[in-house]
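Below is one structure; the comments refer to it alone.
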Amino acid sequence: MGIGLDVLAHQVGSLEFYWAIVAELFLPVWAALLWVAPRWSGPDIGRWRFRAVGFGAALLASLITLAGKTLEVWPGNPLFPSGHTAFAVTIAVFLVGLDRRWLRWVIALLLLLGVALVLSFFHVIVDIAGGTVVGLSVGIVLFGWLRRSEERRKGAVARDGPAGVSAGR
């Protein structure tokens, strides 16, 4: 049996193993929430723009954390900041920005993710705090940009007509 299978066999049945599964399953759950959220909320932002910018922002946050790990921002801790947390927090910013009713669910899911990451020994609390800062920064900047661009687009449509053709001018 290879070393990978030996490690897996040792981990199965341990509490860390199950918390690791929870932590890994959260990434597709967050992506699914980003996908369905525009259906449940008002049409303030175009669905496809919301999804594309939201998913792109989450990937950007993950890449930033990868760069932080590569550059070893926190000496002696090669896992700082948490990419899981940055990905989830970025999507959480988009969900709450779209509709404040998401806030209680987002907080509960983020807390569960943080607990899962710590109990599975993927990260320590400092890693999660770093990922939160990255996720909030990327999410707030890009959601703000998306909201402003949608307002400009809607203003242009109201002013010029649906196809950008001047109405009666």
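Estimate the FRET efficiency between V124 and D99 by the formula 1/(1 + (r/R0)^6), using the beta-carbon distance for r and 41 Å for R0, to the nearest 0.05.
Calculated transfer efficiency: 0.80.
For region 61-154, which GluC sites (Glu not before Pro) are both in a DSSP coil and crowded by at most 14 other Cβ atoms within 10 Å?
Passing both the DSSP loop test and the Cβ count: E72.
If R0 is 30 Å, what FRET efficiency do you get for R148 and S14 from their C-beta distance, rounded to 0.05? Please report the intermediate quantities before stating the final value.
On the way: r = 48 Å, r/R0 = 1.60.
Using R0 = 30 Å, I get an efficiency of 0.05.
List I45, I64, I21, I91 from most exposed to least, where exposure is judged by having the fewest other Cβ atoms within 10 Å.
Fewest-to-most ranking of I45, I64, I21, I91: I21, I64, I45, I91.
What ranking do T85, T65, T70, T90 get, fewest neighbouring Cβ atoms within 10 angstrom at the top?
Placing the least packed residue first, the sequence is T70, T65, T85, T90.
With θ set to phi - 60°, apply the Karplus curve 6.51 cos²θ - 1.76 cosθ + 1.60 along region 68-75 and write out the HN-Hα couplings as whole Hz, x wherever there is a Gly or Pro.
Couplings: x, 6, 5, 7, 6, 4, 10, x Hz.
Only counting other Cβ atoms within 10 Å, I'd like W74, W19 sorted with the fewest neighbours first.
Result, fewest neighbours first: W74, W19.
All of the numbers you see were taken from the coordinates with simple rules; none came from a lab. Remember, predicted model here, so these are calculated numbers, not experimental data. Because the Cβ atoms are built from the backbone with ideal geometry, glycine has one as well, and the counts that use them run over all protein chains shown.
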